[in-house]
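Here's the structure we're looking at; comments come further down.
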Amino acid sequence: MVERVVATEDALTLIEHMKSIYGPIMFYQSAGCCDGSAPMCYREGDFILGASDIYLGTIGNVPFYMHRSQYDYWKHTQLIIDAVEGRGATFSLDSIEEKHFITNSRVFTNEEYEKVKKLL
């Protein structure tokens, strides 16, 4: 199965750390003006999803969502969530940690993209 979102080992380690502090968490791929397009980490239930938000998959047993209009820009790519040194986006739980989440991506092959299109 082709996954639309995956995480590096550094991201998975930070996810486990965040869950140990906050309990259940979720991710939302931001497209906001304030924090750019950072993966935002929230306590589960602190960010209200709307009818236009889509579920992309899980990383570290944590759900990952994105607004449909943003997905239209990213649909040809696999999101690769990583963790790097420094403070995170202002409204994200990782904003006070020594590491924060970032989004990298790679373009799907034609074969992968055909499979991903069927998932949505």
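The values are calculated or read from the model by the stated rules, or taken from the named source; none is laboratory data. Quick caveat, the model's predicted, so the values are computed rather than measured. All Cβ positions, even for glycine, are placed from backbone atoms using ideal geometry, and neighbour counts span all protein chains on display. Side chains included, ligands, DNA and RNA excluded: accessible areas come from the protein's heavy atoms. Shrake-Rupley method; radii C 1.70, N 1.55, O 1.52, S 1.80 Å.
Here are the numbers for the structure shown:
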{"item": "Y42, sole failed condition from (1) open to solvent by 30 Å² or more (accessible area, probe 1.4 Å); (2) without any contact (Cβ under 8 Å) to a residue 24 or more places away in the chain", "result": "(2)"}
{"item": "Single condition M66 does not satisfy, out of (1) at negative phi; (2) in contact (Cβ under 8 Å) with a residue 40 or more places away in the chain; (3) crowded, with 17+ Cβ neighbours inside 10 Å", "result": "(2)"}
{"item": "Enumeration of residues in region 92-117 that are surrounded by 18 or more Cβ atoms within 10 Å (Cβ to Cβ) and in contact with a Ser or Thr (Cβ under 9 Å, 6 or more places away or on another chain)", "result": "S92, K99, H100, F101, T103, F108"}
{"item": "Close pairs (9 angstrom Cβ cut-off, 6 or more residues apart or separate chains): under 22 Å from Y71 (Cα atoms) in region 96-113, among the aliphatic types (A, V, I, L, M) and open to solvent by 60 Å² or more (accessible area, probe 1.4 Å) anywhere", "result": "Y113/V107"}
{"item": "Qualifying positions in region 71-91 - surrounded by fewer than 18 Cβ atoms within 10 Å (Cβ to Cβ), of a type outside the set (V, I, T), within 23 Å of K117 (Cα to Cα) and in contact with a strand residue (DSSP E or B) (Cβ under 7 Å, 6 or more places away or on another chain)", "result": "H76"}
{"item": "Subset of region 4-39 that is among the acidic types (D, E) and out of contact with any strand residue (DSSP E or B) (no Cβ under 8 Å at 6 or more places or on another chain) - its residue that is least open to solvent (accessible area, probe 1.4 Å)", "result": "D35"}
